[in-house]
Amino acid sequence: MTVRVRFAPSPTGYLHIGGARTALYNWLYSKAVGGTFVLRIEDTDLERSKREYEELQKQDLKWLGIIHDEGPDKPNPKYGPYRQSERLDIYAKYAQQLIDKDLAYYDFTTDEELEAIKAKSEAEGGFAGHYQGKWKNPEMKAEALKKIAAGEKPAIRFRAPMKDFTLQDKVKGEVVYPADMVGDFVIMRSSGLPTYNYCCVVDDMLMEISHVIRGEDHLSNTVRQLMLYEAFKAKPPIFAHVSLLIGQDRQKLSKRHGATSVHLYKEEHYLPEALCNYLTLLGWSHPQETDIFEKNEIVSLFDLERFSAHSAIYDLVKLKWVNGQHLRKITNSDLVKELAAIVPAGHAFLSQSADWKEKCVDLLKQKVDFITEMIPMMDQLIFDEEIEMSDELKDILSWETTPKIISYISAEVGKLSESYASEAQLNTWSEFVKKDLGIKGKPLFMGLRAALTGKGHGPDLKHLIPLTPVSVLKKRAAKLGA
Ligand code: GLU
């Protein structure tokens, strides 16, 4: 089977995190089976759709590495155009086919009349909300055509068959839609614009979409779509309705759960691979239960059988942790380049040697989840000359051994003419404190740390001290000794 999948966003806003997950699953599946990933723009809401949003969503997809094979900018003449607003003649043509077969009918009912019809059918115990107006009657077609000839514009309503529909969904299993679930529905508005369920089916059919992977919020739409496939005598695609993303409070994911637009994650320096990794896991599981991977690594493992039917809880803490894992996988030389691009102009980082920079990022990346966090961390650990009198530090300073270490270190750093102390130098100091001052164990390590860093805890001194400018060590020692 030739696999063709699609991501079909409406360009009415930024790319939502849930949309990104849908796009990712479709992309992964197309790559897993050597299929085609289509980008289709569902812009029939002419008022809310904006070309800028289409561009922004495309940029976000690109940032995530979710690249389409076909779309408005990569058309295949057999299937395009890829913007629904450019396919209106196609929708009209197919609606006409349904009219000709009496599977759909012209409807001139006004909104007010519709309300009255609904109220009446409810009062009579009919199917609440189902259209039962006069235009449903096939005999009304002649009158309808007269009105059209006179310039009136009807909606086109699909005649919903009164029978059960059954969907074999790849995620939800068997879903039965009872016969009375939906009544006749509008497929073309009087404005000439198609409705979502209708144009979605026409497009999926003509674009030969084999699999539709989308959020389960569309599950209730699918019955209308199945009806239309049947009317067109077309085989429906295989559907996989993936569970929705929810917040910790089990409510639908919204802004109060954190950023919901992909571009905000980009601005906050999340790594695209980390976001893809985390989104993949929200609804799909790795066969080896692996948590950390790049999307290219799972392409060969991705299938539709490992989707979870349960809602996926969006957990920012876990996402941040995943980001940290990916940050640690970046090579030091790449991290140096990226950090150099975001430190403020004139920052001390920029004027260090290449070796220093690599060692610095190697140390910092163990401590943070985001590259941006490296800057305050570096300022505080390496360049900060101030002594912050924490309770921990006060305690260490109160030990009778500590002043001895401070005065020794103060004298020693005062003698240094180099810009940085070496690890060997640190060992010499430590040996002296141990042997000549007779201070061992905790009082030695903590006292040395206090004297050199002005802090009660932090990274291993053997990594930290060779990165700290001697000028800073001198200032700290002077402040501690004062
Ligand atoms: N434009 C629809 C949406 O953004 C697409 C739904 C579908 O995948 O069929 O929700």
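Assuming R0 = 22 Å, what is the FRET efficiency of ALA149 and ILE90, from their Cβ-Cβ distance, to the nearest 0.05?
Efficiency for this residue pair is about 0.40.
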**OP:** Order the peptides 343-351, 196-204 from the highest to the lowest mean number of other Cβ atoms within 10 Å of their residues.
**Re:** 196-204, 343-351
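So what is the relative contact order for region 87-242, in percent, with contacts set as C-alpha pairs under 8 Å and at least six apart?
23
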Subject >> Rounded to the nearest 20 debye, dipole of region 87-242 from Cβ charges on Lys, Arg, Asp, Glu >> reply: 400
**OP:** Report, to the nearest 10°, how far helix 219-231 tilts away from the longest principal axis of the Cα atoms in the chain, using its own Cα long axis and a range of 0 to 90°.
**Re:** 40
**OP:** Pick out, in residue order, every one of the GluC sites (Glu not before Pro) in region 161-224 that is DSSP loop and has at most 12 other C-beta atoms within 10 Å; say none if there are none.
**Re:** none
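So for the chain, averaging the separation of alpha carbon pairs under 8 Å that are six or more residues apart and normalising by length, what relative contact order in percent results?
12
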Subject >> Folded to 0 to 90 degrees: helix 272-281 orientation relative to the chain principal axis, Cα >> reply: 60
Original post:
What's the Cα-based Rg to Rh of region 1-144, Rh via Kirkwood?
Top reply: 1.12
Original post:
Counting alpha carbon pairs within less than 8 Å and at least 6 residues apart, what relative contact order, in whole percent, applies to region 238-359?
Top reply: 30
Subject >> All Cα pairs of the chain, percent lying beyond 29 Å >> reply: 63
Subject >> Peptide ranges 6-13, 231-238 listed from the most packed, as the mean C-beta count within 10 angstrom indicates >> reply: 6-13, 231-238
**OP:** Mind putting a number on the dipole of the chain about its Cα centre? Charges go on the C-beta only, +1 for Lys and Arg and -1 for Asp and Glu, and I need it in Debye to the nearest 20.
**Re:** 420
Subject >> Cα pair distances of region 87-242 binned at 5 Å [whole percent] >> reply: 2, 9, 17, 20, 19, 15, 10, 6, 2, 0
Subject >> Cα-based helix-to-principal-axis angle, 316-327 vs the chain, degrees rounded to 10 >> reply: 60
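The numbers here are math on the coordinates, done by the rules we state, and not lab data. This is a predicted model, so every value here is computed, not measured. Quick reminder, even Gly has a Cβ in these numbers, built from the backbone with ideal geometry, and neighbours come from all protein chains shown.
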